[in-house]
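Notes follow once the structure below has been shown.
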Amino acid sequence: MTRRALHYVLKIGDRNKNIKFFRDLLGMKVLRHEEFHEMCQAQCNGPYDGKWSKTMIGYGPENENFVLELTYNYGIGNYKLGNDLLSIRIESKLAYENISKQKDVFFMHKNPECIVLNSPDGYLFEVFKSDHPLDQPSLITKVSLSTTNVDRSKNYWHNLLGMNLHEGNDKHFIGSFGEQDARLEMVLIAGNQPIRHEKAYGRIAFACPESELSQIQERMLANKQTILTKLVSLDTPGKATVQVVILADPDGHEICFVGDEGFSKLSQMDPNANDLLKQAMETDKSNEWYAKSGAGKQKCE
């Protein structure tokens, strides 16, 4: 079994603010940018019709790094956050020092090793001042999600999906498919609260050989687990076709498994990504249109 972590999907309401945050403040690179005129068959942009875009951003190519997928729906200005995504951890001395120099950035918390701050949409980021080798000075190293039952989550991720466990107790556990992978942390939610995914709900993605996709689907069916999208082929205009199956764990966290053969072609860094994104933002007149209509962009509660 050769599975690896790929990315986490964040819905964003303002591309300009988000690009300034992720690229200019945190020092990530725009890896590729794609525009779509119809909703994704696997609801990659959420349950929304119409035009949307996908921007992959991170510290290096997705075949070697865990990255972020920023999905933008043209008609929506912001999304209500839930308590499902707790935080995303970054280890980067460069990002830490860059944030520290900014006078107009609000820190929720700061000490000599870590800065905690929110993205423009309210997602929580922990930026650790870690020293990595010069060839890879910055990494996204962990995604922390809520669970209502640690043992049940551990059974799902470890026993059903085959994730390796690195540490844990009755309050949390940390796992990954590979030693070099970004870690997934599942944390027991406080006070017996239900998990609220709300409109901002995300999705974590992993790659595996295409031959394993049907096996994953059959295993989930045999164990009466949730499959949101059965094995399907997804096309990206002008690029590779990929095979995917979309699951949901017992707490409703969405999980995408994608066939590595197609995805390795699709996920190649695009040298024109920055220009494509810049062009899309410059020609995006949705803010002006909604302002003139008097309605304003939709706020998804």
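Counting other beta carbons within 10 Å of each Cβ, put 236, 241 in order, fewest first.
Numbers: 236 16, 241 12.
Ordered from fewest to most neighbouring Cβ atoms within 10 Å, 236, 241 come out as 241, 236.
Which distance in Å, rounded to a whole number, links the C-alpha centroids of region 86-141 and region 193-242?
Here the two parts' Cα centres lie 30 Å apart.
Evaluate the relative contact order of the chain (contact order divided by residue number), counting alpha-carbon pairs under 8 angstrom at least 6 apart; express in whole percent. The partial results should precede the final answer.
On the way: 655 pairs, mean separation 65.2, N = 301.
Normalised by residue count, the contact order of the chain is 22 percent.
If amide H atoms are built 1.01 Å from N in the plane of the peptide, which residues on other chains or at least 5 residues away come under 5 Å of the amide H of residue 188?
For residue 188, whose amide H was placed from the backbone, the distant partners under 5 Å are 147, 172.
Over region 4-300, what portion of Cα pair distances is larger than 37 Å, expressed as a whole percent?
On the way: 4903 of 43956 pairs.
In whole percent, the long-distance tail amounts to 11.
I need the phi-derived Karplus couplings for region 191-201: 6.51 cos²θ - 1.76 cosθ + 1.60, θ = phi - 60°, integer Hz, Gly and Pro marked x.
Whole-Hz 3J(HN,Hα) from phi for region 191-201: x, 6, 6, x, 7, 10, 8, 6, 6, 8, 3.
For residue 9, what charge total do you get from the other residues with a beta carbon under 14 Å from its beta carbon, if Lys and Arg give +1 and Asp and Glu give -1?
Details: positive: 11, 54, 199, 203; negative: 34, 62, 69, 84, 121, 254.
So the environment of residue 9 carries a net charge of -2.
Given axes a ≥ b ≥ c from the Cα gyration tensor, I'd like to know whether region 32-82 is rounded (a/c under 1.5), prolate (a/b larger than b/c) or oblate. Walk me through the intermediate numbers first.
On the way: a/c = 2.20, a/b = 1.62, b/c = 1.36.
It is prolate, given that a/c is not under 1.5 and a/b is the larger ratio.
Enumerate the residues in region 213-241 having an amide nitrogen under 16 Å from the point lying 7 Å beyond the Cα of residue 36 toward its Cβ.
Hits in region 213-241 for residue 36 at 16 Å: 228-241.
Anything over 28 Å Cα to Cα? Flag those among 239/285; 80/171; 230/285; 54/285; 93/239, in the order listed. Please list the in-between numbers first.
Values: 239/285 26 Å; 80/171 26 Å; 230/285 36 Å; 54/285 17 Å; 93/239 35 Å.
Beyond 28 Å between Cα atoms: 230/285; 93/239.
List every residue whose amide H lies under 5 Å from the amide H of residue 28, counting only residues 5 or more places away in sequence or on a different chain, with H placed 1.01 Å from N in the peptide plane.
Residues meeting the amide H criterion: 23.
Can you work out ³J(HN,Hα) from phi for every residue in region 137-153, in order, using Karplus 6.51 cos²θ - 1.76 cosθ + 1.60 and θ = phi - 60°, giving whole Hz and x for Gly and Pro?
These are the phi-based 3J(HN,Hα) values: x, 9, 8, 8, 10, 7, 10, 10, 10, 7, 9, 8, 7, 4, 5, 5, 5 Hz.
I want the local charge near residue 129. Using Cβ-Cβ distances under 9 Å, sum +1 for each Lys or Arg and -1 for each Asp or Glu among the other residues. Show your work: numbers first, answer last.
On the way: positive: 93; negative: 91, 97, 113, 131.
Summing Lys/Arg as +1 and Asp/Glu as -1 gives -3.
Within 10 Å of each residue's Cβ, count the other Cβ atoms and sort 108, 28, 281 from fewest upward. Please report the intermediate quantities before stating the final value.
Values: 108 11, 28 24, 281 16.
Arranged by neighbour count, lowest to highest, 108, 28, 281 become 108, 281, 28.
As a test, work out the antiparallel percent of DSSP beta bridges whose residues both lie in the chain, rounded to the nearest 5. Could the numbers behind the result be given before it?
Details: 52 of 77 bridges.
Expressed as a percentage, antiparallel bridges in the chain total about 70.
Which FRET efficiency value, to the nearest 0.05, is calculated for residue 98 and residue 226 with the Förster distance at 35 angstrom and r the Cβ-Cβ distance? Before the final figure, lay out each step's value.
Details: r = 41 Å, r/R0 = 1.16.
That gives a FRET efficiency of 0.30.
So if each residue of separation counts as 0.36 nm, and I subtract the Cα-Cα distance between residue 2 and residue 248, what length gain in nm does that give?
Numbers: separation 246, 0.36 × 246 = 88.56 nm, distance 2.07 nm.
Extra length from residue 2 to residue 248 when fully extended: 86.5 nm.
What is the order of 33, 7, fewest Cβ neighbours within 10 Å to most?
Ranked by crowding around the Cβ, least crowded first: 33, 7.
In terms of the Cα gyration tensor, with a ≥ b ≥ c the square roots of its eigenvalues, is region 1-62 rounded because a/c is under 1.5, prolate because a/b exceeds b/c, or oblate?
Numbers: a/c = 2.25, a/b = 1.12, b/c = 2.00.
In terms of gyration-tensor shape, oblate.
Among the aspartates and glutamates, which have Cα under 16 Å from the Cα of residue 103 when same-chain residues fewer than 8 positions away are ignored?
24
Which value at 222 nm does the chain reach when only helices count, each DSSP H run of 4 or more adding -39,500 (n - 2.57), with the total divided by all residues and rounded to the nearest 500 deg cm²/dmol?
Numbers: 7 runs with 58 residues, N = 301.
So the helix-based figure for the chain works out to -5500 deg cm²/dmol.
Give or take rounding to whole Å, what are the principal axis extents of the alpha carbon atoms in region 111-257, in descending order?
Cα extents, longest axis first: 48, 44, 31 Å.
Read-outs throughout are calculated quantities, based only on the coordinates presented, and are distinct from any laboratory measurement. Note that this is a predicted model, so its numbers are computed, not measured. Because the Cβ atoms are built from the backbone with ideal geometry, glycine has one as well, and the counts that use them run over all protein chains shown.
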